[in-house]
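Trainee: One structure coming up, written as structure tokens, with questions to follow.
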Amino acid sequence: MQHGPVVRRRKLGAELRALRATAGITSGEAARLVGWHQSKVSRIETGTSGAKPADVRLLLDAYGVTDPQLRELLLVLAGSEDRGDRQHWSHAYRGVLPPTYRDFISLESQASAMRTLETTVVPGLLQTAEYAREVTRAAVDGLSEQQLDALVEVRLARQDVLNSGTPLRLSAVLDEAVLRREVGGPEVMSCQLRRLIQAGRLPHVRLQVLPFGAGAHIGVTGSFVIFSFSSTSDLDVVVLDHLTSSLYLERKEDLEAYTEAFDALQHHALSPDDTLELIAATAAGA
């Protein structure tokens, strides 16, 4: 397990190494092409040291990489706060967002698909403003109203990935407890459940509830997220949230284990249609 910045350096390095090999260029030749010492190329490829966005652009140009989506993703892994020379919206919130949350947001904004298990609260991408405010207030102690407002704004801004021209494909499995836990009172919860129904009808959102009747399941150990990227599966990553930090799992074995776990959870969960019926019944107070 590695913390976000480390896993990003290693993934960036591995991808750059693969692109160099595909181009048929040795590390020494790459260094000469960009005017570096070979040791710098090696340190970047092994993740020993980070690479600035400008460094990544030089290497991608040297390797003849023109795919805009792949270039953009690798720049994000390098820590770039821009998308096509435009500031990413999260830059305005750097003062209130911890580094691991910024890492999560940047990966989320570049992923093509996201699979998530939630055992306690509605996924952030599907929260209403009122629900997000109550969850944030409870999760982060001592926030001023201004800080709380900013974090809620961030939560809502993240949801743009579901409304873009090429939206994120979201598959979410929710424990039934998520529906039954009253957050913010009946009115807030009723609005949140209606929001889930709306989201569940979107063609790129697959929403399933794991009912109490399913008994113990592999997800009882906690929530997790799997990010997938269309450019290369080598950049897929599992994210585990903890109270004060997030952990990123990058090993092939970990990715396979969590993918199998998510597939099993989907198998035991209600179908998307039955899920929407259950949410509607819950919203109606049944």
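Trainee: Using the Cα centre of the stretch 133-286 as the reference point, and only Cβ charges (+1 on K/R, -1 on D/E), how large is the resulting charge dipole? Debye, rounded to the nearest 20.
Mentor: 380 debye
Trainee: Where both residues lie in the chain, what percent of DSSP beta bridges are antiparallel, nearest 5?
Mentor: 55 percent
Trainee: Please work out how much length the chain gains when fully extended from Ser190 to Ala54, using 0.36 nm per residue of separation minus the C-alpha to C-alpha distance, in nm with one decimal.
Mentor: Gain on extension, Ser190 to Ala54, equals 44.1 nm.
Trainee: Where only protein heavy atoms count, and the probe is 1.4 Å, what is the accessible area per residue for the stretch 165-286 in Å²?
Mentor: In whole numbers, the stretch 165-286 has 51 Å² accessible per residue.
Trainee: While we're here: If you build a Gaussian network model of the chain, linking Cα atoms that sit under 10 Å apart, which residue out of Ala199, Ala216, Ala264 swings the most?
Mentor: Ala216
Trainee: Give me the distance in nm between label points sitting 7 Å out from Cα along the Cα-to-Cβ direction at Arg251 and Thr26, one decimal.
Mentor: Going from the Arg251 label point to the Thr26 one covers 3.4 nm.
Trainee: Can you tell me the dipole magnitude for the chain around its Cα centre, using point charges on the Cβ only (Lys, Arg +1; Asp, Glu -1), in Debye to the nearest 20?
Mentor: 840 debye
Trainee: By how many nm would the segment from Val34 to Ala177 grow when fully extended, if each residue of separation counts as 0.36 nm and the alpha-carbon distance is taken off?
Mentor: Result for the pair: 46.0 nm of gain on full extension.
Trainee: Where in the stretch 144-167 is the amide nitrogen less than 16 Å from a point lying 7 Å along the Cα-to-Cβ axis of Val96?
Mentor: 144-159
Trainee: Something else: Evaluate E = 1/(1 + (r/R0)^6) for Thr120 and Thr66, where r is the Cβ-Cβ distance and R0 equals 45 Å; express this FRET efficiency to the nearest 0.05.
Mentor: Efficiency computed from Cβ-Cβ geometry: 0.55.
Trainee: If I compute solvent accessible area with a 1.4 Å probe over the protein chains, what percent of it on the chain is carbon and sulfur?
Mentor: For the chain, the apolar C and S fraction of the accessible surface comes to 51 percent.
Trainee: For a quick protection proxy, order the peptides 139-150, 162-173 by their average other-Cβ count within 10 Å, most packed first.
Mentor: Packing order, densest peptide first, comes out as 162-173, 139-150.
Trainee: While we're on this one: Where Lys and Arg each count +1 and Asp and Glu each count -1, what net charge lies around Val34 among other residues with Cβ under 14 Å from its Cβ?
Mentor: Residues close to Val34 contribute a combined charge of +2.
Trainee: Lysines near Lys40 by alpha-carbon distance under 20 Å, same-chain residues fewer than 8 away left out - which ones?
Mentor: Reachable lysines: Lys11, Lys52.
Trainee: Let's test this: bin the Cα-Cα distances of the chain at 10 Å from zero up to the farthest pair and state each bin's percent.
Mentor: 6, 27, 32, 21, 10, 4, 0
The values are calculated or read from the model by the stated rules, or taken from the named source; none is laboratory data. Only a predicted model underlies this, so the values are computations on that prediction, with no experimental measurement involved. We place every Cβ from the backbone using ideal geometry, glycine too, and count neighbours over all the protein chains shown. The area values use the complete protein model at the heavy-atom level, side chains included, leaving out ligands, DNA and RNA. Shrake-Rupley method; radii C 1.70, N 1.55, O 1.52, S 1.80 Å.
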